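The numbers here are math on the coordinates, done by the rules we state, and not lab data. The structure presented is a predicted model; accordingly, all values stated were derived computationally and were not measured. Heads up, the Cβs are rebuilt from the backbone with ideal geometry, glycines too, and the neighbour counts pull from every protein chain shown.
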Amino acid sequence: MADVTDGGGVDPACSGITLAMPPARESPDGAGPAPAVVARGLVKEYRRGNEVVRALDGVDLDVARGSSVAVVGPSGSGKSTLLHLISALDRPTSGQVTIAGRTVADAGDDELSDLRRDEVGFVFQFFNLLPTLSAWENVALPSVFAGERLSRLRPRAVELLERVGMGHRVEHRPAELSGGQLQRVAIARALLRSPSIVVADEPTGNLDTAAGDQVLDLLASLVHDGATLVMVTHSAEAAARAQRVVQIRDGRVAADDLTPGDLAALGD
Ligand code: ADP
């Protein structure tokens, strides 16, 4: 349920807002829009002293535009590593990731950071907002890093804050906001540059049940409006809200399309 007690729920008047998602590109074979993300044969190895840890061991994953995917699995199974690779935060040891038709392996460091900034919206468990900035300034920040003037970004930031039910808190600083409100500001920030994909690492992990439900409602409504979402979560309830659930185990895809019953059996 949307939060109505503090006026902070998703504003119904804004629910029809255009998120200005990028136009769908055709896939090379002409078979409709290309997926937002294509991962093929992903292997990621980390070196720990003399030991090599294989965190991912041959993962294939397509994420359709306008869809939501939850990634679940035990601790240490490779979920965060997968999220980092499909958001261009890191490069695979082998295999390929394509985001919005751009291949990560071909990108130089600068190109990779541009790709991240322009095509990926990030939502973190601990929000990662700057304490000295107001809500709207935090939302605007990714475009400031892209060279735009802060003052010019206010209308877009306020529009996005209204979209996430935070139109009444645009001048507040993080210390003046609740956990659920902080996460809604962070989600607005993730949308600023109309990314091809929003990645969320445990977005409800630091929230109580009610605030977590509101954040899940919001994420679902964004997907309904055309956003693409990949979320790593330990919560069966959060995963059950996604259109598709992928289970990772020992660095591999153990199951795709788990049902709510499967999720209940996995537990939190
Ligand atoms: P999950 O998100 O499912 O908990 P991770 O992707 O964080 O799993 O980790 C998968 C495996 O890779 C674990 O064995 C973890 O210890 C290892 N790992 C992750 N990041 C690093 C790193 N930077 N250096 C060394 N090992 C790492």
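Numbers for the structure displayed
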{"quantity": "Subset tally (residues that are over 17 Å from LEU61 (Cα atoms), more than 20 Å from the chain's Cα centre (by Cα) and not charged (D, E, K, R)) for the stretch 238-268", "calculated": "8"}
{"quantity": "Conditions (1) surrounded by fewer than 19 Cβ atoms within 10 Å (Cβ to Cβ); (2) within 24 Å of LEU115 (Cα to Cα); (3) of a type in the set (A, V, I, L, M, F, W, C); (4) touching a residue at least 40 places away in the same chain (Cβ under 8 Å): number failed by ALA175", "calculated": "(2)"}
{"quantity": "Every pair of residues 6+ apart whose Cβ atoms lie under 6 Å, when the first sits in the stretch 240-251 and is closer than 15 Å to SER67 by Cβ while the second is hydroxyl-bearing (Ser, Thr, Tyr)", "calculated": "ALA242/SER68; GLN243/SER67; GLN243/SER68"}
{"quantity": "Pairs, first free of Cβ contacts under 8 Å to residues at least 40 places away in the same chain in the stretch 66-78, second part of a strand (DSSP E or B), C-beta under 9 Å, six or more apart", "calculated": "GLY76/ALA55"}
{"quantity": "VAL104 being within 16 Å of the ligand (Cβ to nearest atom) and in contact with a strand residue (DSSP E or B) (Cβ under 7 Å, 6 or more places away or on another chain)", "calculated": "no"}
{"quantity": "Condition broken by VAL97, with the remaining ones in (1) within 12 Å of the ligand (Cβ to nearest atom); (2) of a type in the set (Val, Ile, Thr); (3) over 12 Å from ILE248 (Cβ atoms) satisfied", "calculated": "(1)"}
{"quantity": "Residue tally, condition buried (at least 21 other Cβ atoms within 10 Å of the Cβ), of a type outside the set (A, V, I, L, M), more than 9 Å from the ligand (Cβ to nearest atom) and more than 12 Å from the chain's Cα centre (by Cα), over the stretch 66-90", "calculated": "0"}
{"quantity": "The stretch 108-136 residues that are farther than 19 Å from SER194 by Cβ, paired with ones that are exposed (fewer than 13 other Cβ atoms within 10 Å of the Cβ) (beta carbon under 6 Å, 6 or more apart)", "calculated": "SER134/GLU171"}
